[in-house]
Structures are given as structure tokens and as C-alpha cells.
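The values are calculated or read from the model by the stated rules, or taken from the named source; none is laboratory data. Just so it is clear, the model here is predicted, and its values are computed rather than measured. Counting neighbours? That spans all protein chains shown, and the Cβs are built from the backbone with ideal geometry, glycine included.
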Amino acid sequence: MSRGKQYLKFEETQDSFRKFEKIKKEKRSLRGRVIDDWLLPSDAFGPFKPSLVENLRLGRVIEVHKRNVFVAEEGDDGFPRTGDLWFCTVAKRHFQRAHKERNFVVVGDRVYFQPEESLQFDTDGTPLDSDLPRAVIQHALIRVTKMARKDPMRPDWEHIMLANIDLIAIVASALNPEVRWGLIDRFLVQAELEKLPVVIILNKVDLLPHAQESRSDFMEKYKKRTEIYRNIGYNVIELSTLRRKTYAEEIKKLRVLFRGKLVGLAGHSGVGKSSIINLMRPEFEQVVDENPDIFYKGRHTTTYNSLLQLGIGGYVIDTPGVRSFDIDKPDPISLTYCFPEMRHLKCQFRECAHDKEINCAVKNAVEQGVVTEERYRSYIGILKGISFREGQNNSRDDALLIADMKARLQTVPGEDDE
Ligand code: GDP
Ligand code: ZN
């Protein structure tokens, strides 16, 4: 469909105008100054094209730099055309917001932008400028989903990393670097909080046969863990991007899963996220870093989150350098909700934290093996705010948690039998 002008009846345009003016008025102070008209609901313009009301166009944020934002205009099908980029700044009146929220524009956001007045267009509405056309972002649409973490610089701020994704792919490598199950559990909690569908991708399984000989305990743990997630109902895909023929089935499953969606990739550097994107025929081949020192890479990478179009039909956003992932003081009720295997258990007290309480259905379930000790340990760790950082030795935390958990489990039986 062309983006050419649609002519509306005079009254219809007036209606649309009035609706938009009403929204803006609600956001004005008594003295008529705009307090905050940054966020708009997706139906702010009713059935009308915002271009007819305020000369605004709808686009997706592709990349955010310090002062500039790259935006791809959305086609009539609602999909961003990443080949038609706009070079945008945010309208000055929103700068107050920038002081209160770090990254108030993030990759995946849908925004209304206004082309610069000097631009000329062809009959289709396509800018004639040979450079990237410039525009000013006036509003953003309320986010449907988001991926956030505690801001490492300002713990009282939420650092939103991605917006409006349809699926989160949690990527880890079986070995080199070894899977950090605790990090996977934290990503899963985030996904559950946002009610986002997830897939767990375990890459580099070609390295497992080496481990089998030298470290049977590692293999046992690996097998048990993957089974735990599958039993809970999570989709776990094990593959190797280096052995495409051997894992053709799994790669196909992943392609089918990604098709038609905006997928957010989460996982730390070195696990093979770029290699996985390259399996999806991205518009730009991703650079696979052959530097084996992942900690070096993790700390020094300065690339930006970027939204990419995939040849298989879909989009991905990679999140480089996610090294820490802390969840802000979760309350026990919502945290329990984020563990599907605990969600439906009924404890004596509704506010039960499943910690020191007696007659706790979750602890009983752990004892009966219905809820695994591994996942329960993750639950307690997140509840108590024990942080998880890449490169940090977690064995001490783990040992403390195991001891703590054993002590707690032993206090359960018999206590309320009398
Ligand atoms: P990213 O940092 O998560 O984007 O990871 P990359 O895709 O850059 O890969 C990191 C390293 O892992 C590179 O040296 C890759 O060659 C290697 N790698 C990626 N996939 C596999 C795999 O399936 N098996 C093995 N053995 N190495 C892999
Ligand atoms: Zn409980």
C-alpha cells in the first residue's frame, strides 16, 4: 500500500483533532504549559493517520546514541522498514524527562516523529533528501513489554534495555563459557514478570563430548538442569552454530519460532549470540569475535543495542554486554508467580515467603521433589537480593544458600503436627 495522502471528510479531521487536543490538554498544567505529553496511547489518533493531524509519522527505534536516535518508519503492515532510516533528535521539551529517567527512549520503542520542515517528498511521501532525512521525535507509544534491570550506576533507577519485544531468547553456551544457571533463572523471572514468551537456547553443545570424559559431574548437572526447565514447560533448544548440518532440526525450530516476531536476545557476551543471529539471515552479517578472552570482550564492548531485520522474516535486538542482572527487591507473592512450578501451590499464609515459615507448600514440594532444590535456591537467592554478576565467584553464595536451605527444610516436618 502507498503512503500517499488519504483525504478525510472535514468533520472527521476535526474529530481527530479534537481527540488529540483533549489528550494534550489533560497533560497541561493550569497555566497551559505542557507538563508531559511524551507517552501517548496507541489509539491517540483514533482511526486517523497521525500524519494528517500533526504531520507525525510512526516508527520503531532501531538504535539509540547519546544525542541521536535512529528510527525506521513503520509500513502499513506495522513492520518497521529498516532500510528507510530517519536521523532523529528528541523534542527539547522532553529534556526534563531525561534527567529523571536514564534511556527514556530505548530500542524497540514506537515513536511519533515529525520530519524537518525543509524536507521535500515525492508523491509517495518518501523524502527526496539523499542523506538520512532528519526528524524530531515528539511522542512515544506506551510500551507493551519491556526488559529492564536495576541501573548499575543509580540503583534507584530502572534501566530499561528493550521495549515491545514479542519473544525473549535467553542464550547461554553449554561450555566455554560454562552455563550460568543462576543467570538463566533471573532472566526467566524477568520474562515471567512481563508475561513474555521465552525460549532457552543452549549453544556450543559440540563441546559437550569433551566434558563427558573429564567431568562426569558437569554432564550430570547439565542434563539434570535442561530436564528441569523442560519439565517446567520451558522450550529448551540445544544446538551448535558450528555444526549446522548436525543440528539442522534445532536450527529450523528456532527459525520457525523467530519468524514474524521481534525477538530480544539476552545472555552475556561470548555465548554465541552473533553466531545465532547469523543463522537467521540478518540484513548485516554479525561480527563473530574470535577473541577467546570473553571477560576482556565483556568489559570493553561498546557496541549499541541494535534492531536488525532478518531474512527469515522477523526482527532481533541483541543486547551486548549484559553483565549484571539484578531484580529490584521482589515481593514474595510476585516472585512466586515468576516460578511456574510454584505458582499454584497454596501455603498456609498468602504472603508466605517460603523461607522460614512453617507449613509451607513450596518447601513441602521441594522435599517431595516436585519443586527442585536448584530452582528453590534461585528463588531464595533472588528474594534475598543476592546479586549475580558475570566473572564473580558465586560458589560461596551457593554454599551459604545450600546450608541455609538444608537448615530450613529440616525445620518443616512435625512442627505443626501437635
Ligand atoms: P556473542 O558474543 O554472544 O555474540 O558470541 P559470538 O557469536 O561472537 O561467539 C563467541 C565465540 O564463540 C566465537 O569465538 C565463536 O566462534 C564461538 N562459537 C559460537 N558458536 C559456537 C558453537 O556452536 N560451538 C563452538 N565451539 N564455538 C562457538
Ligand atoms: Zn510458602
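Structural remarks
- Ile232 fulfils the conditions (1) closer than 17 Å to Gly267 by Cα; (2) modelled with pLDDT of 90 or more; (3) not aromatic (Phe, Trp, Tyr) except for a single criterion, (1).
- Check on Arg215, surrounded by fewer than 16 Cβ atoms within 10 Å (Cβ to Cβ), more than 27 Å from Pro80 (Cα to Cα) and either at pLDDT below 95 or more than 16 Å from ligand 1 (Cβ to nearest atom) (or both): yes
- Some residue of segment 209-226 being over 22 Å from Glu373 (Cβ atoms) and touching a residue at least 60 places away in the same chain (Cβ under 8 Å): no
- Matching residues in segment 133-176 - criterion: being in a strand (DSSP E or B), modelled with pLDDT of 80 or more and more than 11 Å from the chain's Cα centre (by Cα): Arg134, Ala135, Val136, Ile137, Gln138, His139, Ala140, Leu141, Val171, Ala172, Ser173
- Of the residues examined, Gln190 is one that is farther than 23 Å from Lys252 by Cα, surrounded by 19 or more Cβ atoms within 10 Å (Cβ to Cβ) and assigned by TED's automatic domain parsing to the domain that holds Thr246.
- The criterion of at least 3 residues that are surrounded by fewer than 20 Cβ atoms within 10 Å (Cβ to Cβ) is met by the following strands (runs of 3 or more DSSP E) wholly inside segment 59-132: 80-90.
- Close pairs (6 angstrom Cβ cut-off, 6 or more residues apart or separate chains): within 30 Å of Val316 (Cβ to Cβ) in segment 99-128, at pLDDT below 80 and loosely packed, with under 14 Cβ neighbours inside 10 Å anywhere: Asp124/Ser2
- Of the residues making up segment 194-242, those that are of a type in the set (D, E, K, R) and either touching an Asp or Glu at 6+ places or on another chain (Cβ under 8 Å) or part of a helix (DSSP H, G or I) (or both) are Asp206, Glu213, Asp217, Glu220, Lys221, Lys223, Lys224, Arg225, Glu227, Arg230, Glu238.
- Sole residue being in contact with a helix residue (DSSP H, G or I) (Cβ under 7 Å, 6 or more places away or on another chain) and not hydroxyl-bearing (Ser, Thr, Tyr), chosen from Leu188, Leu239, Leu183: Leu239
- Selected residue (criterion: farthest from ligand 2 (Cβ to nearest atom)) from residues of segment 327-375 that are free of Cβ contacts under 8 Å to residues at least 40 places away in the same chain and among the β-branched types (Val, Ile, Thr): Val370
- Looking only at residues of segment 243-260 that are modelled with pLDDT of 95 or more and part of a loop (DSSP other than H, G, I, E, B), we find that the one that is nearest to ligand 1 (Cβ to nearest atom) is Arg243.
- Some residue of segment 21-30 being at pLDDT 75 or above, among the charged types (D, E, K, R) and more than 19 Å from Ala135 (Cα to Cα): no
- Scanning segment 237-249 for residues that are surrounded by 17 or more Cβ atoms within 10 Å (Cβ to Cβ) and within 12 Å of Ile200 (Cα to Cα) yields Ile237, Leu239.
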